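The values are calculated or read from the model by the stated rules, or taken from the named source; none is laboratory data. Model, not experiment: these values are computed from the prediction. Every residue, glycine as well, gets a Cβ built from its backbone with ideal geometry; the counts of neighbours run over all protein chains shown. Surface accessibility is based on the protein's heavy atoms, side chains included, excluding ligands, DNA and RNA. Shrake-Rupley method; radii C 1.70, N 1.55, O 1.52, S 1.80 Å.
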Amino acid sequence: MKDKNDFIDSFDIDKRLARVDIISSIAHVKMLAKSKIIDQNDSNKIIIGLRTILHDLMKGWHLPKAEDVHYAIEQELINRIGPVGGKMHTARSRNDQVSTDLRLYLKDENKQLQKIITRFQTTIMNKAIENIDIIMPGFTHLQHAQPILASHHILAYAWMMQRDKERLIDCYKRIDVLTLGSAALAGTSFKINRYYTAKLLHFNHVSENSLDSVSDRDFVIELIFCIVMIALHLTRLCEEIILWLNPEFQYITINIRFTSGSSIMPQKQNPDYAEMIRSKCGRMLGNLISMITTMKSLPLAYNRDLQEDKFCIFDSLDNIKTSLKIINEIFSSIKFLKINTIKSTENGFILATEIADYLASRNIPFRQAHSIVTDIVQYCKQSSKSFNELSLNEYKRFSKIFQEDIFTYLNIYETVNRKKSFGGTSKNSVLQQIHLLKRKLQAE
Ligand code: ARG
């Protein structure tokens, strides 16, 4: 900060709105001419001026710095075409302008985010198809619970991403509102046509209350929340990737590109990329809290505090897009170590529920079956045996119902494939799940 004026400047952050600012200004000026508020010739001059600025920007030219991007473009326009450029700001204020610019920008970002999510879901789906026969332990409380297909496990994340995308689609509706024409706060005496501006800028709705329009940032908060939710889901996935890479698990390998060494321990290949993605949720939640706290108790209408919104939303967007792109690459590189995943199902009496189900399907009340199997597990632990090492006679000591077929029942593949309920882990159910997911992704 060079002097106190710099403290209120936002150019360095909002300069990325330059493109949408020019686009919204062109629409505004067209509307002003059509509504006969400014002369058609003046309008043409302004539009040509704005287009040349946009053209130069696209070629990499830098806009001279000003207090914010809106002033910077207006000053540049006046430098290029003379005082007539000043007519551009008729019947508007920076308050409705910044809201409209941000909405235009976020509509595009929201759509981009949806596309990136779909790409990641496709990667998950392909990985699930590729590994459809791999069995691993399913966990509850991070303890061995029941065997499941690895595909079933990873597909859970594709459905989280689906909900995240649906949340974005819903949030989009509330971003898609034209606020331009609200002017500073009161509306304007000029006979503007807001519906025409909305049509030019492809906004689906026009805001109904000028005070609300210039001071509302719900749409920013909502989008940051949608991003936090995606980031939260990614933390869960990254945590599992980190766990599965751990030598005690060794369920997967990932491309070495996504690991890094230690400065002291030569053997290390740390999962830093997954860790960094996992870390981002905290920062994004910080942005959400920051934005909510900034809005809290703000009186109507516009207040300068709102300028901070861009820092929060841009940071969240940048980080989530990069995180999603990286996780997509990490995920494509995952290779399941089948020998280890199956070996891991041999620990922890993972088939205990199967034995209880065996009894329950032979007319023993499930609660009773559960208690019988608890006793069998105790017995196995005391005699250091696994379920498969017990004889039929030993089983019969706990219940007369047990027959020879208990041993075929305890086959791990059959166990998984018996979970045929809709949404379950049998191969057929998972294939059906993949089919449903594919249909959703294709419908977009
Ligand atoms: N840079 C400001 C922002 O981002 C633009 C609006 C300024 N309006 C004002 N009345 N000072 O919010």
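Step through the table entries Lys335/Lys438; Lys310/Lys440; Lys15/Lys59; Lys15/Lys45, compare each Cα-Cα distance with 25 Å, and write down the pairs that go over it.
Flagged as over cut-off: Lys310/Lys440.
Work out the FRET efficiency for His141 and Ile8 from their Cβ-Cβ distance, taking R0 = 60 Å, and round it to the nearest 0.05. The computed FRET efficiency comes out at 0.70.
By a 1.4 Å probe calculation restricted to protein chains, Phe407 has an accessible surface near 60 Å², given to the nearest 10. For segment 418-444, the residues whose backbone nitrogen is under 16 Å from a point 7 Å from the Cα of Asn204, taken along Cα to Cβ, are 444. In the assembled protein chains, Val84 presents an accessible area of approximately 30 Å² (probe radius 1.4 Å).
Placing unit charges on each Cβ (+1 for Lys and Arg, -1 for Asp and Glu) gives the chain a dipole about its Cα centre, and among Thr118, Ala352, Tyr105 the Cα reaching farthest toward its positive end belongs to Thr118.
For segment 354-444, the solvent-accessible area works out to 59 Å² per residue, with a probe of 1.4 Å and every protein chain left in place.
Placing unit charges on C-beta atoms (Lys and Arg positive, Asp and Glu negative, everything else neutral), compute the dipole magnitude of the chain about its Cα centre in debye, rounded to 20.
Dipole magnitude for the chain comes out near 940 debye.
Taken over the chain, the convex hull of the Cα atoms encloses 206 Å³ per residue.
Figure note: Arg418, Arg236 ranked by solvent-accessible area, largest first, 1.4 Å probe, ligands and nucleic acids not counted: Arg236, Arg418. Put a dot 7 Å past the Cα of Lys191, heading toward its Cβ, do the same for Asn411, and the two dots end up 8.4 nm apart. Ordered from largest to smallest accessible area (heavy atoms of protein chains, 1.4 Å probe), the residues Thr188, Thr293 come out as Thr293, Thr188.
Using square roots of five times the C-alpha gyration tensor eigenvalues, list the equivalent-ellipsoid semi-axes of segment 63-170 in whole Å, biggest first.
Over the Cα atoms of segment 63-170, the ellipsoid semi-axes are 53, 13, 11 Å.
Could you work out what % of the accessible surface of the chain is carbon and sulfur, using a 1.4 angstrom probe and leaving DNA, RNA and ligands out of the count? Carbon and sulfur together cover 54 percent of it.
Tell me, what is the per residue accessible area of segment 23-176 in Å², probe radius 1.4 Å? It amounts to 41 Å² per residue over segment 23-176. Dipole orientation for the chain: of the candidates Ile8, Thr374, Leu54, Leu54 has the Cα lying most toward the positive pole (charges on Cβ; Lys, Arg +1; Asp, Glu -1). The trypsin sites (Lys or Arg not before Pro) of segment 34-74 that DSSP puts in a loop, and whose beta carbon has at most 12 other beta carbons within 10 Å, are Lys36, Lys59. So for segment 119-226, Kirkwood radius off the Cα pairs, Stokes-Einstein at 20 °C and 1.002 mPa s: how many µm² s⁻¹? So the translational diffusion coefficient is about 121 µm²/s. Arg194 sits with roughly 50 Å² accessible to a 1.4 Å probe, with DNA, RNA and ligands left out of the calculation.
Length, then width, then depth: along the principal axes, the Cα atoms of segment 341-444 run 57, 31, 21 Å.
Between Leu232 and Asp218, full extension at 0.36 nm per residue minus the direct alpha carbon distance yields a gain of 3.0 nm.
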